[in-house]
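Only one structure is covered here, and it is reproduced in the block below.
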Amino acid sequence: QVQFVESGGGLVQPGGSLNLSCAASGIIFSDYGMGWYRQAPGKDRDFVALIFRTGRTHYAGSGNGRFTISRDNAKNTIYLQMNALKPEDTAVYYCNVFDHPYYTWGQGTQVTVSS
């Protein structure tokens, strides 16, 4: 059974930073490209950042220059370092594969950017 467990969210002031983690199980992690996605209230889930099996990365425009995705295949984990956070980054953040049909989504981790 494939499972993703996201953590590291919280309440942060504008301009602050957070580092999210996503631990995957039930898959051969190194075989997959992985992504971070987010869903704000009333909006569709969108991708935030992708990391290929090779380590190459790709970012949505909103996070380019502020977010950094990384992966540790030995720990079956991906990370999202988020800096210079803005109120519009407020959302539930999820991880999943991106180069394969999505597996069941985890619970996500709530990120709230507010003063």
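Side notes on the structure shown:
- Protein heavy-atom surface of the chain, 1.4 angstrom probe: 47% of the accessible area is carbon and sulfur, with nucleic acids and ligands not counted.
- Taken over the C-alpha atoms, the chain has Rg and Dmax values of 13.2, 41 angstrom.
- Among beta bridges identified by DSSP and lying wholly in the chain, the antiparallel ones come to about 90 percent.
- Accessible area expressed per residue, the chain, with surrounding protein chains retained (probe 1.4 Å, Å²): 52
- Size of electric dipole in region 15-115: Cβ of Lys, Arg +1 and of Asp, Glu -1, about Cα centre, debye, nearest 20: 120
The values are calculated or read from the model by the stated rules, or taken from the named source; none is laboratory data. Since the model is a prediction, treat every value here as computed from it, not as a measurement. No Cβ is skipped: glycine too gets one built from the backbone with ideal geometry, and neighbour counts run over all protein chains shown. With ligands, DNA and RNA removed, areas are computed over all heavy atoms of the protein, side chains included. Shrake-Rupley method; radii C 1.70, N 1.55, O 1.52, S 1.80 Å.
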